[in-house]
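Since every read-out is calculated from the coordinates, none of them should be taken as a lab result. Here the structure is a predicted model, which means the values were calculated and not measured. All Cβ positions, even for glycine, are placed from backbone atoms using ideal geometry, and neighbour counts span all protein chains on display.
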Amino acid sequence: MITFDHVTKRFPDGTVGVDDLSLEIEQGSFTVFVGPSGCGKTTSMRMINRMIDPTEGTITVGGRDISTVRPTELRLGIGYVIQNAGLMPHRTVVDNVATVLVLQGVTKRKARITALEAMERVGLDLRMATRYPAQLSGGQQQRVGVARALAADPPVLLMDEPFSAVDPVVRDDLQREMLRLQSELSKTIVFVTHDIDEAIRLGDRVAVFGTGGVLQQLDTAEAVLTRPANPFVTNLVGRDRGFRSLSFQSATQVPVHDVETLPLAGLGSAPALAPHAWALVVDGDRRPVGWLNATRQALVGERGEAALAPLGSLSTPSRTLRQSLDAVLSSPSERGVVVDDDGALLGVVEANDVLAALSAQRGSTTDDAGVLGATATQDALS
Amino acid sequence: MLADLAAYLGDGTNWAGSTGILNRLVEHVGYSALALLVGAVIAVPLGLAIGHTGRGEGIIVGLANTMRALPSLGLMTFLVLLMSSTLIPPITALVALAVPPLLAGVYAGIANVDRSVVDAARAMGMTEWQILLRVELPNALPLIVGGLRGATLQVVATATIAAFVNLGGLGRYIFDGLALYDYTRVLLGALLVTALALVLDGLLALVVKLVQPGTGRMTVRDTGLQAAIDDRAPAAPTA
Amino acid sequence: MNLWGIRNWEAVQPLLVQHLYLSVVPTLIGVVVAIPIGLLLRDRRRARTVAVVLSSAIFTIPSLALFVVLPLLLGTRVLDPINVVVALTLYTVALSVRTTFEALDAVPAATREAATAVGYSSWRRATAVDLPLAIPVLTAGTRVVAVTNVSMVSVGAVIGIGGLGQLFTTGYQRDFPEQILTGLVLILLVAIVFDRIIALVGRAFTPWIRGASLRASERRLRALAQALPEVGRLREVVSGAR
């Protein structure tokens with residue numbers, strides 16, 4: 001557990017980075033610090049591993065007052081992932097991942113073996129082991145950064161905007177990976193981001209920071225969305241918060257229908273489609289590839305696979321209403337594609353069913369206020 | 001020995017005349033200035049061309065390194081024996097010394113100007129000459145003057161050796177002193193040339209600061225423009 | 001090399017040896033002294049400023065002046081080669097301290113920060129992160145210093161200790177240009193060889209620049225799999241990669 005007890009950070013120039021912060025981060029929780037730049041979220045996180053020392057107040061990690069722990073010793077027990085990964089450019093991937101272990105005094109050989117395991121755990125191809133960071137893509141570098149933080153198996157993980165510099169597709173991948181890792185490892189994670197969507201997707205608890213380093217709300221992601229504590233949080237969460245809150249509403253009651261499919265292999269010789277019908281094209285593993293209608297079918301001979309209309313976003317079985325709605329809205333056929341965890345086709349959801357589920361949900365979400373404990377420091381609300 | 005030195009410097013007669021300190025100083029500065037001027041005539045256009053077009057960078061680096069290795073004393077003595085002139089050989093050797101730092105300064109200055117600024121200038125419709133003279137040159141000035149500073153340092157130091165091939169300058173004191181076993185005179189020469197180098201280096205360091213773009217240290221205050229700005233924007237209320 | 005130098009090799013050889021000694025020794029000592037100074041002072045603002053100002057001042061002193069003044073300060077004889085060694089070492093330290101600062105400044109701040117955050121102590125970071133990453137700039141700076149030293153040694157000839165530079169003074173006095181030419185050619189050769197050697201040493205110590213090809217990493221991967229036979233997955237990957 002990590003606790004902040006009336007922690008204030010004043011910089012030499014007089015600005016207040018963090019103002020009287022008190023909060024508790026439970027063991028095994030995924031806590032996201034979110035807020036605009038200059039709100040003290042990063043400063044707060046960096047005080048946990050003494051990259052910055054507070055001006056006033058006490059921080060404890062696992063019951064120990066960290067001001068009594070040597071910074072290097074403290075840091076060796078806390079994993080740290082930063083934006084752009086911060087890898088050592090002169091070390092190979094495996095040696096980068098082994099860094100903390102070697103610093104802890106583990107022999108190089110043993111450290112490398114553990115590092116290779118950590119690489120596999122975060123989904124890195126072992127062939128990358130002997131490459132230098134410059135030979136990796138941004139997303140791969142970020143994975144190496146996560147592997148380095150996890151290699152020594154620290155109980156606490158600090159992540160400073162780790163996915164901000166990668167493109168949205170890779171970010172989505174990394175976020176999913178992070179959730180998977182957390183479900184396996186149950187670390188105490190403190191994650192800093194300015195992206196409220198990322199905060200809500202990843203965090204089981206979200207701490208919203210405001211200008212001047214004042215904590216505005218500390219709550220579950222859903223509570224921050226549905227019951228913002230003050231106008232600042234409302235504003236940060238934004239006008240789409242109603243839509244975003246669909247992320248917390250299950251869509252399992254929305255029926256999945258069968259859909260007409262065409263195999264990708266024999267696309268040219270498929271029977272002609274009816275004028276307004278759409279068919280889903282799937283590959284040999286039944287993974288959807290794209291949509292086809294009569295107009296586009298006429299182009300297949302000339303353009304091949306490029307004639308297909310894009311799939312739109314995909315939905316998964318444990319899907320939320322937001323995913324389902326998005327799948328429906330982004331599909332050219334007005335039907336959202338549902339796939340299993342391996343990406344194989346399960347069926348489609350239809351717009352009418354999703355809308356019906358939406359109105360059913362709206363009737364039932366007004367009375368769950370008591371379930372989600374709001375623990376924001378009340379003096380922060382102003 | 002230091003007392004002898006002080007006495008020598010304190011005696012006014014040692015300053016005047018064709019072999020006096022002042023004249024030696026003028027000679028020394030003269031050789032240096034001449035060599036720097038010729039060096040600049042060669043290096044500046046070349047550096048501008050290479051910096052602006054980005055062609056021939058490899059040649060510059062190679063040339064600068066080779067010329068750095070070329071010993072001035074050797075070049076000087078060799079040329080004296082070949083052409084029996086007193087002035088041209090030492091100046092040539094000094095020019096060879098001045099060109100690499102000047103060239104590197106001009107080239108690096110131009111090449112380091114932010115390419116997006118140059119692109120913007122081109123997009124606004126400036127000709128290549130206008131880009132070179134109005135955009136690249138002003139932004140390159142600190143590095144160009146930096147190159148001049150390096151060149152000056154080396155040329156002033158090495159001009160001392162010109163006395164070895166029977167020229168004047170402050171080196172005279174060192175060589176005459178060595179020949180006459182008059183160590184005071186040797187020290188005098190060493191001291192004077194060091195002082196000269198330090199003063200010139202300090203002055204040029206100051207110039208480097210002055211020519212930093214955007215600091216306004218070089219600009220004369222445009223009162224008309226300031227008035228126009230004041231008219232349009234009433235003084236901000238002090239809240 | 002021209003004919004004079006070959007005919008008179010017995011006379012030239014000791015000068016060449018002296019030249020090598022006078023240029024290599026100060027370069028090595030100077031760099032070895034400058035790097036720790038640079039590492040120690042880089043983050044101390046005031047000390048660093050003093051070091052920079054002091055080194056520019058040293059570098060401003062003309063070499064000939066330094067050669068003739070040093071005996072007074074060191075109590076050596078005017079014709080002692082040690083004067084030249086000390087003078088060139090001073091220049092090398094002066095230049096290399098500044099180069100070290102620049103080289104360390106070129107290490108990305110994010111990398112240094114990340115090293116601190118994962119638990120490097122400051123001295124360990126200095127030697128294991130900052131120093132290796134500074135090698136490319138350090139190498140470039142050392143090449144310049146070395147070549148300058150090789151050329152500067154010859155100035156010592158006017159006070160009788162200049163290695164190959166003595167070919168200039170005696171050639172000049174004897175009105176014998178061929179002898180001077182021999183000196184020029186040999187000095188250029190020494191400079192080029194010295195420059196190449198330093199470049200190669202720099203390359204050898206920066207495998208992440210040299211070995212950043214996929215071929216090289218596949219090679220390292222096979223070596224790693226051999227070194228760690230207990231990691232079965234690594235063996236599989238290697239045999240799959242062939």
- DSSP beta bridges in chain A: the antiparallel percent, rounded to 5, is 55 percent
- Interchain or sequence-distant (5+) residues whose placed amide H lies within less than 5 Å of the amide H of A:GLY123 are none
- Query: What percent does the relative contact order of the stretch B:1-141 come to when contacts are Cα pairs within less than 8 Å and at least six residues apart?
  - Reply: 27 percent
- Query: Please state the Cα pair-distance histogram of the stretch B:1-48 with 10 angstrom bins from zero: what percent is in each bin?
  - Reply: 24, 29, 21, 16, 10, 0
- Largest-first semi-axes in Å of the equivalent ellipsoid built from the Cα gyration tensor of the protein assembly as shown are 68, 32, 30
- Query: Sorted from largest down, what three extents in whole angstroms do the Cα atoms of the stretch A:261-358 have along their principal axes?
  - Reply: 41, 28, 18
- Message: Pick from A:ASP285, A:ASP167, A:ASP13 the residue whose mean-square fluctuation is largest in a GNM of chain A, springs joining Cα atoms under 10 Å.
- Response: A:ASP13
- Task: Just add up the charged neighbours of B:LEU192: K/R +1, D/E -1, any other residue whose Cβ is under 14 Å from the Cβ of B:LEU192.
- Result: +1
- For A:LEU185, put the label point 7 Å out on the Cα→Cβ axis and report which residues of the stretch A:1-29 keep their amide N under 15 Å from it. A:28-29
- Item | CD proxy at 222 nm, helix term only [per DSSP H run n ≥ 4: -39500 (n - 2.57); per residue of chain A; nearest 500] | -9500 deg cm²/dmol
- Using a Förster distance of 56 Å, the FRET efficiency for B:ASP11-C:ILE6 (Cβ separation, nearest 0.05): 0.60
- Task: Can you quote the Å³ per residue value for the convex hull of the Cα atoms in the stretch C:3-210, rounded to an integer?
- Result: 125 Å³
- With the stretch A:1-44 reduced to its Cα atoms and the Debye formula applied, log10 I(q)/I(0) at q = 0.24, 0.32 1/Å amounts to -0.91, -1.19
- Task: Would you calculate a helix-derived [θ] at 222 nm for chain B, using -39,500 (n - 2.57) for each DSSP H run of n ≥ 4 and dividing by the full residue count, to the nearest 500?
- Result: -24000 deg cm²/dmol
- Task: Between the alpha-carbon centers of the stretch A:12-82 and the stretch C:154-206, tell me the distance in whole angstrom.
- Result: 60 Å
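Once the Cβ-Cβ distance between C:ARG124 and B:MET126 is put in as r, and R0 is 56 Å, what FRET efficiency do you end up with, to the nearest 0.05?
It comes to 0.60.
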- Any chance you could check the Cα centroid distance between the stretch B:71-128 and the stretch C:45-110 for me, in angstrom? 26 Å
- Message: Quick check: pseudo-label points 7 Å beyond the Cα along Cα→Cβ at A:ALA134 and A:LYS110, how many nm apart are they?
- Response: 3.4 nm
- Take the alpha-carbon centre of the stretch A:163-242, take the same for the stretch A:310-345, and report the distance between them in whole Å. 23 Å
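Rounded to two decimal places and with Rh computed the Kirkwood way over Cα pairs, what is Rg over Rh for the stretch C:60-169?
1.18
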- Which loop trypsin sites (Lys or Arg not before Pro) in the stretch C:59-136, with loop taken from DSSP, have no more than 12 other Cβ atoms within 10 angstrom of their Cβ? C:ARG77
- Pop out the ³J(HN,Hα) list for the stretch C:147-159 in order, Karplus 6.51 cos²θ - 1.76 cosθ + 1.60 with θ = phi - 60°, rounded to Hz; leave Gly and Pro as x. 5, 4, 4, 4, 6, 6, 3, 5, 4, x, 4, 5, 10
- Cα extents of the stretch C:119-242 along the principal axes, largest first, in whole Å, come to 77, 39, 18
- Measuring from a point 7 Å past the Cα of C:GLN13 along Cα-to-C-beta, which residues in the stretch C:146-190 have an amide N at less than 19 Å? C:163-167, C:182-183, C:186-187, C:190
- Looking only at trypsin sites (Lys or Arg not before Pro) in DSSP loops with at most 14 other Cβ atoms within 10 Å, what is the longest site-free stretch of chain B? B:56-216
- Using a 10 angstrom cutoff on alpha carbons, build the Gaussian network for chain A and name the most mobile of A:ALA229, A:ALA357, A:ALA298. A:ALA298
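Could you size up the charge dipole of the protein assembly as shown around its Cα centre, putting +1 on the beta carbon of Lys and Arg and -1 on that of Asp and Glu, and report it in debye to the nearest 20?
For the protein assembly as shown, the charge dipole is close to 2280 debye.
State the volume of the convex hull built on the alpha-carbon positions of the stretch B:114-175, expressed per residue in Å³ and rounded to an integer.
Value for the stretch B:114-175: 98 Å³ per residue.
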- Kindly give Rg over Rh for the stretch A:2-246, based on alpha-carbon atoms, with the Kirkwood expression for the hydrodynamic radius. 0.97
- Message: With a cap of 15 neighbouring Cβ atoms within 10 Å, and only residues DSSP puts in a loop, list the GluC sites (Glu not before Pro) found in the stretch A:259-338.
- Response: A:GLU260, A:GLU334
- Note on the structure: In Å, the C-alpha Rg and Dmax of the stretch C:1-54 are 19.5, 57
- Query: GNM on chain C, C-alpha springs below 10 Å: top fluctuator among C:VAL52, C:VAL31, C:VAL231?
  - Reply: C:VAL231
- Hey, what did chain A get for relative contact order, percent, Cα under 8 Å, at least 6 apart? 15 percent
- Item | Nitroxide proxy distance, nm - points 7 Å out along Cα→Cβ at C:ASP175 and A:ALA165 | 7.0 nm
- Just need the relative contact order of chain C here, percent rounded to a whole number, with Cα pairs under 8 Å and 6+ apart. 24 percent
